[in-house]
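For reference, the structure discussed in these notes is given below.
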Amino acid sequence: MSPLLPAGPAAARIADLTYVIFGLAAVVFIVVESLLLFAVLRFRRAQVSSEPKQIYGNAPLEAVWTAVPALILAVLLAFTLRTMSAVAGPARAAPAQGAADAIQVIGHQWWWEVRYPGAQISTANEIHIAVGQPVHVDVSSTDVIHSFWVPQLQGKIDVIPGRINATWLQADRPGVYRGQCAEFCGDQHARMALLVVADPADQFSAWLEDQQQPAAPPTDPQAQQGVQVFARVGCITCHTIRWGSTGAGGTRGPDLTHVGNRRTLAAGTLPNTPGTMAGWIANPQALKPGSDMPNLNLNGDDLQALLALLEGLR
Ligand code: CUA
């Protein structure tokens, strides 16, 4: 998660600006500290019998030490304005209407909802983009203020309830880039991470097509039982699984239609494996206290059935 390892054009400009500021600050530091050391050593009491010559009212000197910092700040301002304009980039244009180049990211306590309105899909804590393509991102929140930050791709943007802020993402090379909520938003702020998965265009298209498919009704008896459990114990009040044309469900928690394909659970809290999924369902409040996912106190049969269902949702 280092902004100094940029993987996209916006982050690259931010890294450039960081180096310019650091370089200029280093020069100022070295000059000031050298003068200070010089004065301390040269004018030690042991070596100086009388007071050194005073320079109060030296107009040229005062002009120089006013002009030099002003010049340094002017240079930094110019670099900063150039960077701001480059980083604002495509987000200024009207959002594109394509299936893949305009997405919505919605902050929740404590997870990220990711919608692809053009493709009519919703996923969670994982954004997929095509390498080299700028993606317009509208960010908003359903509860408190969060901050959307993927350091290797773009600067932070505030995620504010009742308001839509816009940013954009672009990755120059394939990879998985971790992002993190960057504004304290409650107990589990630290467990509000997300991944941006940048794939070559064809792999991205395959992912998008796959996500648009409804869930396949399970054929395995245990997973079929899981469908009943999912409705009976109340998962369905907060989560949706899209089965074909039907698929009403809750929207308070992540859409689970393709949950088996995701890399993490609970917004980056755990890797997504059958074991961690079981632990998460069995006792979410131990793993992420205060989250909306309740302890359901499932018996072993129900837990196994749910697991079989969820692991099959790929
Ligand atoms: Cu959301 Cu911190």
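The values are calculated or read from the model by the stated rules, or taken from the named source; none is laboratory data. From a predicted model like this one, the values you see are computed outputs, not experimental measurements. Virtual Cβ from ideal backbone geometry, glycine too; neighbours counted across all protein chains shown. Keep in mind that these areas ignore ligands, DNA and RNA; they rest on the heavy atoms of the full protein, side chains included. Shrake-Rupley method; radii C 1.70, N 1.55, O 1.52, S 1.80 Å.
Scanning the range 157-169 turns up at least one residue that is within 14 Å of the ligand (Cβ to nearest atom), open to solvent by less than 10 Å² (accessible area, probe 1.4 Å) and under 12 Å from the mean Cα position of the chain (by Cα).
Out of the range 230-241, which residues are of a type in the set (Gly, Ala, Ser) and either more than 29 Å from Ala286 (Cβ to Cβ) or assigned to a helix (DSSP H, G or I) (or both)? Once the filter is applied, which keeps residues that are of a type in the set (Gly, Ala, Ser) and either more than 29 Å from Ala286 (Cβ to Cβ) or assigned to a helix (DSSP H, G or I) (or both), the range 230-241 yields only Ala231. Exactly one residue out of Val31, Val75, Val87 is in contact with a Gly (Cβ under 7 Å, 6 or more places away or on another chain), closer than 22 Å to Thr18 by Cβ and not hydroxyl-bearing (Ser, Thr, Tyr): that is Val87. Check the range 129-136 and report whether any residue there is in contact (Cβ under 8 Å) with a residue 60 or more places away in the chain, open to solvent by less than 20 Å² (accessible area, probe 1.4 Å), within 14 Å of the ligand (Cβ to nearest atom) and small (Gly, Ala, Ser). Among the residues of the range 129-136, not one is in contact (Cβ under 8 Å) with a residue 60 or more places away in the chain, open to solvent by less than 20 Å² (accessible area, probe 1.4 Å), within 14 Å of the ligand (Cβ to nearest atom) and small (Gly, Ala, Ser), which makes the answer no. Would you say Ala182 is buried (at least 20 other Cβ atoms within 10 Å of the Cβ) and in contact with a Ser or Thr (Cβ under 8 Å, 6 or more places away or on another chain)? So Ala182 does not fit the description; no. Among the residues examined, Thr237 qualifies as β-branched (Val, Ile, Thr) and surrounded by fewer than 13 Cβ atoms within 10 Å (Cβ to Cβ). Within the range 173-209, if we keep just the residues that are free of Cβ contacts under 8 Å to residues at least 60 places away in the same chain and assigned to a helix (DSSP H, G or I), the residue that is nearest to the ligand (Cβ to nearest atom) turns out to be Ala190. Of everything in the range 214-229 that's in contact (Cβ under 8 Å) with a residue 40 or more places away in the chain and assigned to a loop (DSSP other than H, G, I, E, B), which residue is farthest from the ligand (Cβ to nearest atom)? Per the criteria, the residue is Asp220.
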